[in-house]
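Participant: Just dropping this structure here.
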Amino acid sequence: YDAKVLDLAANKAADALERHRVGGTVIALDDDAAFQRGGRPLTVITVVNDNMPFLFDSIMGEITDIAGEPSLVVHPVFGVHHTKTGVRDIVDDGLARKNEGETDRVSLIQVHVPRLDAEKAKELEARLERLVKQIRSVVADWKPMLARLDQAISAFRYSPAPLPKEAVAEAIAFLEWLRDDNFTFLGMREFKYSGDEKSGKLTR
């Protein structure tokens with residue numbers, strides 16, 4: 001990389017970060033003619049979002065699916081102060097964690113890939129926008145889903161069930177294993193079983 005290219009990429013990242021608002025996402029795809037590595041043109045993809053689980057791996061999956069192998073990936077997490085119009089200032093670089101309770105954690109992901117044509121760039125931008133909305137939904141529902149799972153575990157443990165004790169204990173152990181970070185909850189649906197074992201049915 002030429003140093004001037006990295007300077008330009010850093011400026012693009014700073015601009016995207018400055019425009020970020022709490023609860024929002026900034027997605028920028030830049031194909032400035034200056035973005036080159038070894039004489040090969042690049043597209044620079046910058047995504048700024050409230051920091052949350054699943055973000056980095058999911059975004060990288062979408063990008064590599066359309067654009068192939070990246071030549072550069074950076075992913076700092078900053079502590080920032082927001083105003084209504086964007087980021088006012090950076091408080092720390094994500095490592096120092098100064099005044100953590102008073103700062104917002106913001107993820108900045110920048111990826112350099114071989115130059116995308118207009119059609120692929122438009123498709124990638126749409127997929128990233130959809131993906132971030134899905135991640136936000138999953139993260140918002142994650143703790144309520146775990147709480148509902150805890151309720152189910154308590155019900156199996158303390159309510160009488162017409163099953164052998166060993167079967168109930170095994171079911172409880174399985175649900176506890178799921179809860180202990182061995183399963184990623186992306187959604188939850190409850191069903192009520194009615195009838196007997198021959199004519200019974202599940203109702204959502």
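Participant: Just to be sure, is residue 199 loosely packed, with under 13 Cβ neighbours inside 10 Å, assigned to a helix (DSSP H, G or I) and hydroxyl-bearing (Ser, Thr, Tyr)?
Facilitator: On the way: loosely packed, with under 13 Cβ neighbours inside 10 Å: yes; assigned to a helix (DSSP H, G or I): no; hydroxyl-bearing (Ser, Thr, Tyr): yes.
Against the criterion (loosely packed, with under 13 Cβ neighbours inside 10 Å, assigned to a helix (DSSP H, G or I) and hydroxyl-bearing (Ser, Thr, Tyr)), residue 199 does not qualify.
Participant: Do you know which residues across region 24-56 are within 20 Å of residue 134 (Cβ to Cβ), assigned to a loop (DSSP other than H, G, I, E, B) and touching a residue at least 60 places away in the same chain (Cβ under 8 Å)?
Facilitator: Across region 24-56, the qualifying residues are 52, 53, 54.
Participant: I'm told residue 86 meets every condition in (1) touching a residue at least 60 places away in the same chain (Cβ under 8 Å); (2) open to solvent by 20 Å² or more (accessible area, probe 1.4 Å); (3) more than 19 Å from residue 125 (Cβ to Cβ) except one. Can you identify the failing condition by its number?
Facilitator: Going through (1) touching a residue at least 60 places away in the same chain (Cβ under 8 Å); (2) open to solvent by 20 Å² or more (accessible area, probe 1.4 Å); (3) more than 19 Å from residue 125 (Cβ to Cβ) one by one, residue 86 breaks only (2).
Participant: Is it the case that some residue within region 169-188 is part of a loop (DSSP other than H, G, I, E, B) and over 17 Å from the mean Cα position of the chain (by Cα)?
Facilitator: Scanning region 169-188 turns up at least one residue that is part of a loop (DSSP other than H, G, I, E, B) and over 17 Å from the mean Cα position of the chain (by Cα).
Participant: Would you pick out the residues in region 107-157 that are open to solvent by 80 Å² or more (accessible area, probe 1.4 Å), touching a helix residue (DSSP H, G or I) at 6+ places or on another chain (Cβ under 7 Å) and modelled with pLDDT of 95 or more?
Facilitator: Across region 107-157, the qualifying residues are 120, 123.
Participant: I would also like to ask the following. Do you know which residues across region 174-192 are surrounded by 10 or more Cβ atoms within 10 Å (Cβ to Cβ) and either in contact with a strand residue (DSSP E or B) (Cβ under 6 Å, 6 or more places away or on another chain) or of a type in the set (Ser, Thr, Tyr) (or both)?
Facilitator: Correct list: 184 only.
Participant: Can you pull out the residues in region 57-73 that are part of a loop (DSSP other than H, G, I, E, B) and open to solvent by 40 Å² or more (accessible area, probe 1.4 Å)?
Facilitator: Those that are part of a loop (DSSP other than H, G, I, E, B) and open to solvent by 40 Å² or more (accessible area, probe 1.4 Å): 69, 71.
Participant: Can I ask one more? Which one of the conditions (1) surrounded by 17 or more Cβ atoms within 10 Å (Cβ to Cβ); (2) at pLDDT 95 or above; (3) out of contact with any His (no Cβ under 8 Å at 6 or more places or on another chain); (4) of a type outside the set (Gly, Ala, Ser) does residue 78 fail to meet, given that it meets all the rest?
Facilitator: Among (1) surrounded by 17 or more Cβ atoms within 10 Å (Cβ to Cβ); (2) at pLDDT 95 or above; (3) out of contact with any His (no Cβ under 8 Å at 6 or more places or on another chain); (4) of a type outside the set (Gly, Ala, Ser), residue 78 violates only (2).
Participant: I'd like to verify a number: residues in region 142-168 that are assigned to a helix (DSSP H, G or I) and without any contact (Cβ under 8 Å) to a residue 24 or more places away in the chain, how many? If you could, list the steps in order and put the result at the bottom.
Facilitator: So in region 142-168, the residues assigned to a helix (DSSP H, G or I) come out as 142-158, 165-168.
With the extra rule that they be without any contact (Cβ under 8 Å) to a residue 24 or more places away in the chain, the set shrinks to 143-144, 147, 151-152, 154-158, 165-168.
Adding up the residues that qualify gives 14.
Participant: Please verify whether region 26-38 includes one or more residues that are within 13 Å of the chain's Cα centre (by Cα) and either closer than 16 Å to residue 111 by Cα or surrounded by 18 or more Cβ atoms within 10 Å (Cβ to Cβ) (or both). Walk me through it before giving the result.
Facilitator: Of the residues in region 26-38, the ones within 13 Å of the chain's Cα centre (by Cα) are none.
No, every residue in region 26-38 fails to be within 13 Å of the chain's Cα centre (by Cα) and either closer than 16 Å to residue 111 by Cα or surrounded by 18 or more Cβ atoms within 10 Å (Cβ to Cβ) (or both).
Participant: Within region 157-190, track down each residue that is within 30 Å of residue 58 (Cα to Cα) and of a type in the set (Phe, Trp, Tyr).
Facilitator: Within region 157-190, 174, 177, 183, 185 meet the criteria.
Participant: Something else: In region 117-132, what count of residues is obtained for those that are without any contact (Cβ under 8 Å) to a residue 12 or more places away in the chain and farther than 23 Å from residue 41 by Cα?
Facilitator: Of the residues in region 117-132, 1 are without any contact (Cβ under 8 Å) to a residue 12 or more places away in the chain and farther than 23 Å from residue 41 by Cα.
Participant: Filter region 1-23 for residues that are open to solvent by 30 Å² or more (accessible area, probe 1.4 Å) and outside any helix (DSSP H, G or I) and give the result.
Facilitator: 1, 2, 19, 21, 22, 23
The values are calculated or read from the model by the stated rules, or taken from the named source; none is laboratory data. Worth saying up front: this structure is predicted, and the values here are computed from it rather than measured. No Cβ is skipped: glycine too gets one built from the backbone with ideal geometry, and neighbour counts run over all protein chains shown. In case anyone asks, the SASA skips ligands and DNA or RNA and just uses the protein heavy atoms, side chains included. Shrake-Rupley method; radii C 1.70, N 1.55, O 1.52, S 1.80 Å.
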